[in-house]
Amino acid sequence: MKNIVILISGGGSNMQALVECVAQKHWAEQGIARVAAVVSNRADAGGLAYAASKGIETAVLSHRLFDGRVQFDAALMALIDGFKPDLVLLAGFMRILTPAFTQHYAGKILNIHPSILPSFTGLHTHEAALAAGVKVHGATVHGVTAQLDFGPIVVQSCVAVLPQDTAETLAKRVLATEHFIYPQALTWWVDGRMIWRDGGIEILNPAGELPASQTYFAPT
Ligand code: GAR
């Protein structure tokens, strides 16, 4: 049984999509994979109640209790490691991670970011996309490295930017695609098709060849 630990800071809709994916595929019943824990740095993260309602262990570790990132990340690693994770999924976990943390989980940690990386790293990606006037926007699932919002790309979604879009309407459409591509990435990992090699990630189809697409285009 593979253990997945999901880190959140807020509403946790991506976490919910991942939990639903695990349930729909019956991985836990088959002894394949389970969500071992949902961990938040904020006690008021809305997603904690959802996880608990699904019988998933939850834990809160407030970054405010620590003098700095190094100390917080060390405690966070100890907490996560208590769940013996095979995969760590950042799902709206709004913390900049130290190199010690990213190295510790190298090759087994993914993040979802609300932009088509490498465009629009950091915060306020939807505002930045509108300000730049781009006509496509989206989200990225990627392997986590020491560099913020960098690392090998697993799958990306694209949504059309409409003339009447606000940051809120755009965020909503991008988030809907996140709920599709993150479970897709998790499924590739669980199926043993996600290969971390030479600093990159390859997704193989069952025959061992590269798959047709690691792109999701939202219908307009
Ligand atoms: C999502 O849009 C996710 O991509 C983003 O935060 C939101 C969390 O929503 N993550 C980042 O910006 C990380 N840099 P959720 O809590 O409903 O999943």
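Can you report the number of residues in segment 33-53 which are more than 12 Å from GLY12 (Cα to Cα) and in contact with a helix residue (DSSP H, G or I) (Cβ under 6 Å, 6 or more places away or on another chain)?
Qualifying residue count, segment 33-53: 3.
Could you check how many residues of segment 120-145 are buried (at least 16 other Cβ atoms within 10 Å of the Cβ) and not in a helix (DSSP H, G or I)?
10
Find the strands (runs of 3 or more DSSP E) located wholly in segment 146-220 whose residues include 1 or more that are more than 12 Å from the ligand (Cβ to nearest atom) and among the basic types (Lys, Arg), and list them.
194-197
Looking only at residues that are within 16 Å of the ligand (Cβ to nearest atom) and surrounded by fewer than 18 Cβ atoms within 10 Å (Cβ to Cβ) in segment 74-109, which one is nearest to the chain's Cα centre (by Cα)?
Applying the filter and picking the extreme gives MET94.
Residue under question is THR121, and the condition is that it be over 19 Å from GLY11 (Cα atoms), modelled with pLDDT of 95 or more and within 12 Å of the ligand (Cβ to nearest atom); does it hold?
So THR121 fits the description; yes.
Which condition from (1) assigned to a helix (DSSP H, G or I); (2) closer than 28 Å to CYS158 by Cβ; (3) away from the ligand (no atom under 16 Å from the Cβ); (4) β-branched (Val, Ile, Thr) is the one that VAL70 breaks?
With respect to (1) assigned to a helix (DSSP H, G or I); (2) closer than 28 Å to CYS158 by Cβ; (3) away from the ligand (no atom under 16 Å from the Cβ); (4) β-branched (Val, Ile, Thr), VAL70 is out only on (2).
Six or more apart or on different chains, Cβ under 6 Å: which pairs go from a residue in segment 41-70 that's of a type in the set (Lys, Arg) to one that's within 12 Å of the ligand (Cβ to nearest atom)? Could you list them?
Filtered contacts from segment 41-70: ARG42/SER9; LYS54/VAL19.
The values are calculated or read from the model by the stated rules, or taken from the named source; none is laboratory data. All figures in this text were calculated on a predicted structure; none of them were measured in a lab. Every residue, glycine as well, gets a Cβ built from its backbone with ideal geometry; the counts of neighbours run over all protein chains shown.
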